[in-house]
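Participant: One structure follows; several queries about it will come next.
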Amino acid sequence: PEPFGLVVAEAMASGCLVVSGAGGGTADFLVHRQTGLTFFSDEDLTATVSMLLRGSQTSEWQAWAREGQRLVQNKYSVGTM
């Protein structure tokens, strides 16, 4: 776990749906099923990847990616910082 999670924040700022471990600094901005997807264990990761492969929640994923992008751009932009 990184203290801040810069790579995760950069991916979110780019509009990507992020799947990341729930530990470290990402917990400050990566909220499960709100701004991305998180996992705590190998079993959680397996379930998350399986859900993504089924492709049944595409509109929700897009909404989570947009919300993650909005959050990072508003809270962690150069101007804000």
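The values are calculated or read from the model by the stated rules, or taken from the named source; none is laboratory data. Predicted, not measured: the structure shown is a model, and the values here were computed from it. Glycine also receives a Cβ, built like all others from the backbone with ideal geometry; neighbour counts cover every protein chain displayed. Note: accessible area is taken over every heavy atom of the protein model, side chains too, but ligands, DNA and RNA are not part of it. Shrake-Rupley method; radii C 1.70, N 1.55, O 1.52, S 1.80 Å.
Participant: Taking only the range 38-79 into account, find how many residues are touching a residue at least 24 places away in the same chain (Cβ under 8 Å), open to solvent by 50 Å² or more (accessible area, probe 1.4 Å) and among the polar types (S, T, N, Q).
Facilitator: Counting residues in the range 38-79 that are touching a residue at least 24 places away in the same chain (Cβ under 8 Å), open to solvent by 50 Å² or more (accessible area, probe 1.4 Å) and among the polar types (S, T, N, Q) gives 3.
Participant: Output the number of residues of the range 8-29 satisfying the condition of being among the hydrophobic types (A, V, I, L, M, F, W, C), in contact with a helix residue (DSSP H, G or I) (Cβ under 8 Å, 6 or more places away or on another chain) and either open to solvent by 20 Å² or more (accessible area, probe 1.4 Å) or closer than 13 Å to residue 76 by Cα (or both).
Facilitator: 8
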